[in-house]
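Engineer: What follows is a structure written as structure tokens; I'll ask about it next.
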Amino acid sequence: MSIQAWTWVTVGITFAAYLYIGYRSRVRSTRGFYVAGQGVPAIANGAATAADWMSAASFISMAGLISFMGYDGSVYLMGWTGGYVLLALLLAPFLRKYGKYTVPDFVAERYYSQAARIVAAICAIFVSFTYVAGQMGGVGVAFSRFLEVPFEIGVVIGMVIVAFFAVLGGMKGITYTQVAQYCVLIFAYTIPAIAIALVLTSNPVPQLAIGEVLPKLNAIQTDLGLDPYSNPFARLDMLNVFCVTVCLMVGTAGLPHVIVRFYTTKSVRDARWSAFYALLFIAILYTTAPAVAMFAKYYILNQFAEVGTQGFTQLDWVQNWAATGLIDIDAINASDGTAAALLANINRDIIVLATPEIAGLSAFVVALVAAGGLAAALSTASGLLLVISSSLAHDIYGNIINPQASDKKRLLVGRIMIFAAVVLAGLLGIFPLGFVAEVVAFAFGLAAASFFPILVLGVFWKRANKYGAIAGMSVGLAFTFIMIVLMRAQNVLGLDEPIIDSFLGINAQGIGIIGMLLNFGLTIGVSLATPAPPMDVQRMVEQIRYPRVINDEELEEHLSHDAH
């Protein structure tokens, strides 16, 4: 069968499975809708968390960025994996002890303020919509190439699938669908990598095959006038490598759609174990990505060196991807014939999806990768859409606008909100702000600037109060969002050039670190300048950190010790 036929089969089977699981997991209560009834086993939650985490950015775009950026692309590996460790150790167990439905729920109770809840809900919506735009864009990329469906129609199909299992099952439907999606995406990612590793090195372990491929890749890049692949700071200077890495790390620990996964487990112990399983499942893909990046780059440059510019544009896989608009053949033919010009006209988001074709693997493997890319995009999109729905329906409607609403009405509003969010997410996917991974990186910057300081201080500093939290979140989010818009004005505002190139030398993907520092500084400064939180709030913080009941005298002793 052809690639298109195999793709219809694999995508059809996997989509049917997602729909069936979503239908079987439908819920009738808000507790089931928002936290899956807090009954998800640790290993299932670990797989669902991994699928939620390994978005279109991880599956489709991360290897592409690493492939084009070389050494400097490691910021995505270090930032995203290191950030998950930070989340698992610093925040996840403590937030699970609070037993709430959403991050704004935690913020409202910890900072004893409905105003803080509203600000946190707005931050969650900003972060999630920015993130979900990248996912829907990834859906469009996969559909447009492998099913020969227009990009926009592909996004709409993805919207319909997500809307079905998310609206019916909420978090429960999303969780068990994500378990299936993890299985699909990890097989789709590793099988081609193993096959290519065998062809290039006779070693079936992609992570080990890197050692043989890297010297060849460095040599061919040098021969073609490019910097060696492993040269550091060729695309990003040292400051931005540091800032982007830190921004991605702390942004990870502040992502609401990942944090909420730890609310779904049966106990705090299960939350810890699910973090372990998730990190294990994530590591399989994240240690394979650099190998896929190198394999793809080596094949592309080797083919270019063998046949030249004109011959390269006549290759079957190039013609196939040119039909989607993701390779600009006319620009390549009109260029100066250098490797740099060639790479400048290949969209980075095609690398993982195109690698099986580039390497000449079977049509079935090519189709499997397409199904995996769609699974990665849809799994993360569904989690993000639930965060948007819960922020609007649970935190704003259910707690601010109509606190007396019945459980049935809250559930109805939640379903309406998630459907509306799907529609808006689709529009953002059709009109993206940049490469999939770049758009997602902006979401991490917003999360780093808004949630991370508030969550860390909320758990580890009893003196943090509502005035500081509101000031910190508001300024951190506003500053980071404005800076990203100014630096990405070509895409966001349709201008010919950015209004500013950087801030203190830091680019748009790393600017969240400044927003985070502003948030920390304002939260601490304003909290110290205003009255301390009520005693019951400080006692709650103490009891969350230390799992024992303490009386007022012991609390006063702890507070006195902290003050000194």
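Engineer: So, in the chain, how many Lys pairs have Cα atoms under 17 Å apart, if the pair is 8 or more places apart or on different chains?
Structural biologist: Values: LYS97/LYS266; LYS97/LYS462; LYS100/LYS172; LYS100/LYS266; LYS172/LYS266; LYS172/LYS408; LYS216/LYS297.
Lysine pairs satisfying the spacing and distance rule in the chain number 7.
Engineer: For region 127-256, what are Rg and Dmax over the alpha carbons, in angstrom?
Structural biologist: 19.8, 56
Engineer: Rank these for me by crowding, LEU342, LEU477, LEU255, going from fewest to most other beta carbons within 10 Å. If you can, show how the numbers build up before the last one.
Structural biologist: On the way: LEU342 21, LEU477 26, LEU255 30.
Ascending Cβ contact count within 10 Å gives the list LEU342, LEU477, LEU255.
Engineer: Placing +1 at every Lys and Arg Cβ and -1 at every Asp and Glu Cβ, with all other atoms neutral, what dipole size does region 3-533 have around its Cα centre, in debye to the nearest 20? Don't skip to the end; give the middle numbers.
Structural biologist: Working: 27 positive and 24 negative charges, 604 e Å.
The dipole magnitude comes to about 2900 debye.
Engineer: Could you work out how much longer the chain between SER29 and ASP328 gets when fully extended? Use 0.36 nm per residue separation minus the Cα distance between them, nm to one decimal. Numbers along the way, then the final one.
Structural biologist: On the way: separation 299, 0.36 × 299 = 107.64 nm, distance 5.03 nm.
Answer, rounded to one decimal: 102.6 nm.
Engineer: What FRET efficiency, computed as 1/(1 + (r/R0)^6) with R0 = 22 Å and r the Cβ-Cβ distance, is obtained for ASP316 and PHE364, rounded to the nearest 0.05?
Structural biologist: Working: r = 17 Å, r/R0 = 0.78.
Taking R0 as 22 Å, the efficiency between ASP316 and PHE364 is 0.80.
Engineer: Amide H of ASN231 versus every other amide H placed in the peptide plane: which residues, excluding those fewer than 5 positions away on the same chain, fall under 5 Å?
Structural biologist: TYR71
Engineer: Take the alpha carbon atoms of region 239-274, find their center, do the same for region 372-435, and report the distance between the two centers in whole angstrom.
Structural biologist: If we compute the Cα centre of each part, the gap is 20 Å.
Engineer: Equivalent ellipsoid semi-axes for region 3-533, as square roots of 5 times the alpha carbon gyration tensor eigenvalues: give them largest first, rounded to whole Å. Walk me through the numbers before you get to the answer.
Structural biologist: Numbers: eigenvalues 286, 137, 82 Å².
Taking √(5λ) for each Cα gyration eigenvalue gives 38, 26, 20 Å.
Engineer: Of ALA341, ILE482, GLY311, which is farthest on the positive side of the dipole of the chain, counting Cα position, with +1 on Lys and Arg Cβ, -1 on Asp and Glu Cβ, and the Cα centre as origin?
Structural biologist: ILE482
Engineer: If each residue's Cβ is checked for other Cβ atoms within 10 Å, how do ASP536, ASP270, ASP227 rank with the fewest at the top? Kindly include the intermediate steps, with their values, before the conclusion.
Structural biologist: On the way: ASP536 9, ASP270 21, ASP227 16.
Lowest count first: ASP536, ASP227, ASP270.
Engineer: Next up: Give me the angle, in degrees from 0 to 90, between the Cα long axis of helix 42-53 and the longest principal axis of the Cα atoms of the chain, rounded to the nearest 10.
Structural biologist: That works out to roughly 60 degrees.
Engineer: Would you list VAL27, VAL9 from fewest to most Cβ contacts within 10 Å?
Structural biologist: Lowest to highest Cβ neighbour count: VAL9, VAL27.
Every number here is computed from the coordinates shown, using simple stated rules; none is lab data. Remember, predicted model here, so these are calculated numbers, not experimental data. Cβ sites come from the backbone with ideal geometry, for glycine too, and all protein chains shown count toward neighbours.
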